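> The following block contains the structure, expressed as structure tokens.
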Amino acid sequence: MDGWRDAARRLIADDVPPDRVVWQVGDTATDLFGGDAAPASTGAPAVLRVSRAFITLAGDAILHRDPERFSLLYHLLWRLRDLPRLMEDQADPLVRRLEGLAKAVRRDIHKMRAFLRFRSLADDEGERFVAWFEPEHHIVRANAAFFVNRFAAMRWSILTPEVSVHWDGTRPSEGPGAARDDAPEGDPTEEVWKTYYASIFNPARVKVKAMLKEMPRKYWKNMPETALVPHLLAGAQARESGMIEQARTGIDDNVQAAWDALRQEAMACTRCHLHRHATQTVFGEGPMTAPMMFVGEQPGDQEDLAGHPFVGPAGQVFDRALAAAGIKRAETYVTNAVKHFKFEPRGRRRIHAKPDAGEIEACRWWIEQEQLLLRPRVTVALGATAARSLFGKVMTIGRERGRAHKLPDGGEAWVTVHPSYLLRLPDEAARETEYARFVDDLRLAHAALT
């Protein structure tokens with residue numbers, strides 16, 4: 001980089017265009033497309049201001065093996081004189097090509113850091129760790145500082161075909177390139193490492209294509225753990241099934257314990273003013289493994305007294321509709337968007353009052369926690385209040401019912417009327433018609449489980 005930069009400054013000072021320059025390292029020509037070589041300048045280097053982005057790009061791209069890299073960088077530098085903001089044009093072919101070179105170098109640097117493996121051997125001064133690596137580009141010197149900082153307390157050598165770097169605990173040094181046979185094949189520590197690697201290998205997270213993309217096979221020969229990969233992959237499915245079966249009971253117990261704690265906390269909820277007049281919090285009910293969750297509006301008078309959701313007149317309609325749709329309530333989870341009864345006193349009676357936006361929002365936290373614990377495959381919003389709680393916005397039932405919707409957390413939801421709506425209809429014919437539509441909505445939602 002320093003040699004190229006000094007030469008480029010002098011050439012720019014002498015106004016030498018790119019097609020008049022042939023770039024080479026030592027006696028080896030590296031640019032097959034330059035014209036006749038320009039005479040070397042004897043003047044002082046020019047003061048040329050370029051952006052930090054260009055310096056970074058040049059520092060990476062110049063480590064690439066492409067023989068045209070010097071010429072490409074000088075061509076870009078030449079153009080930057082007249083187009084100082086050219087680096088911002090990611091569509092420019094020259095900028096894109098150099099960015100590609102720089103990206104390949106950075107990837108090679110990352111691969112060296114990730115896949116280089118040291119082996120222990122003894123020399124005249126004691127223990128030394130030696131590693132073999134075959135980089136694609138000229139990255140060894142640029143990467144040396146990383147290994148010095150990471151392994152400062154041990155003596156090590158990194159051997160590559162072109163150059164070797166050594167660290168004696170005090171200062172780094174360089175040596176000539178080496179051959180693969182100059183590096184040790186293994187050491188006793190590798191057996192411990194392989195045992196550890198096999199024990200932490202998680203078959204449930206195996207994605208072969210992604211693994212090969214990040215860890216190409218050409219690096220495998222230098223990594224002891226890769227000898228285990230084919231065997232571990234072959235048994236991955238069986239191990240995954242065993243892990244799932246072994247963990248299922250424990251996971252279920254943990255979810256139940258978390259739900260119990262959540263319900264206990266909800267009993268003392270004061271997130272909004274409704275707790276002041278309600279008899280108690282009415283929390284959701286159902287198995288923790290329920291694939292289907294129903295969310296109503298709020299507890300009514302009888303639910304407030306009993307402490308259970310959907311046990312009043314609307315609950316009886318709900319139970320009958322579930323049975324007609326072929327759904328077992330005992331296998332579902334039933335809850336409400338608002339956990340306290342909101343009412344207006346009328347003599348000795350308590351008349352239902354619709355929750356407002358602030359009360360719905362205050363209670364959303366409980367619904368979100370229930371969903372996180374149960375992770376139901378299908379959630380059914382019963383009425384506009386429930387839909388607003390689930391989606392965080394006003395939903396029109398007539399327009400949204402009858403089709404699946406994506407919840408903000410990625411789950412699937414269906415929207416239908418609340419059973420109490422059926423009880424408020426003025427005549428028997430309307431109630432029968434809307435009840436049939438309600439049952440159809442439940443069937444569609446239930447069918448989404450299959």
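> Could you please find all residues in segment 100-121 being more than 25 Å from ASP19 (Cβ to Cβ) and of a type in the set (A, V, I, L, M)? Reasoning before the result, please.
First, the residues of segment 100-121 that are more than 25 Å from ASP19 (Cβ to Cβ): 103-121.
Result: ALA104, VAL105, ILE109, MET112, ALA114, LEU116, LEU121.
> Answer yes or no: is there a residue in segment 155-165 that is part of a helix (DSSP H, G or I) and more than 27 Å from GLU68 (Cα to Cα).
As a first pass, look at segment 155-165 and keep what is part of a helix (DSSP H, G or I): none.
No, every residue in segment 155-165 fails to be part of a helix (DSSP H, G or I) and more than 27 Å from GLU68 (Cα to Cα).
> Further question on the same structure: Name the residue that is nearest to VAL21 (Cα to Cα), counting only residues in segment 63-99 that are in a loop (DSSP other than H, G, I, E, B), without any contact (Cβ under 8 Å) to a residue 12 or more places away in the chain and within 36 Å of the chain's Cα centre (by Cα).
Here the answer is ASP92.
> Residue check, ASP31 against (1) modelled with pLDDT of 95 or more; (2) part of a loop (DSSP other than H, G, I, E, B); (3) open to solvent by less than 20 Å² (accessible area, probe 1.4 Å), all met but one. Which one?
Evaluating ASP31 over (1) modelled with pLDDT of 95 or more; (2) part of a loop (DSSP other than H, G, I, E, B); (3) open to solvent by less than 20 Å² (accessible area, probe 1.4 Å) leaves (1) as the failure.
> How many residues does segment 401-450 hold that are of a type in the set (Val, Ile, Thr), open to solvent by less than 60 Å² (accessible area, probe 1.4 Å) and over 23 Å from GLU368 (Cβ atoms)? Please lay out each step first, then the result.
So in segment 401-450, the residues of a type in the set (Val, Ile, Thr) come out as 415-417, 433, 439, 450.
Those left that are additionally open to solvent by less than 60 Å² (accessible area, probe 1.4 Å): 415-417, 439.
Pick out the ones that are also over 23 Å from GLU368 (Cβ atoms) and you get 417, 439.
Residues meeting the conditions: 2.
> Scan segment 421-438 residue by residue and report those that are without any contact (Cβ under 8 Å) to a residue 40 or more places away in the chain and not acidic (Asp, Glu).
First, the residues of segment 421-438 that are without any contact (Cβ under 8 Å) to a residue 40 or more places away in the chain: 421, 424-434, 436-437.
Residues satisfying the conditions are TYR421, ARG424, LEU425, PRO426, ALA429, ALA430, ARG431, THR433, ALA436, ARG437.
The values are calculated or read from the model by the stated rules, or taken from the named source; none is laboratory data. All of these numbers come straight from a predicted model, not from anything done at the bench. Heads up, the Cβs are rebuilt from the backbone with ideal geometry, glycines too, and the neighbour counts pull from every protein chain shown. What goes into the accessible areas is simple: the full protein's heavy atoms, side chains included, and nothing from ligands, DNA or RNA. Shrake-Rupley method; radii C 1.70, N 1.55, O 1.52, S 1.80 Å.
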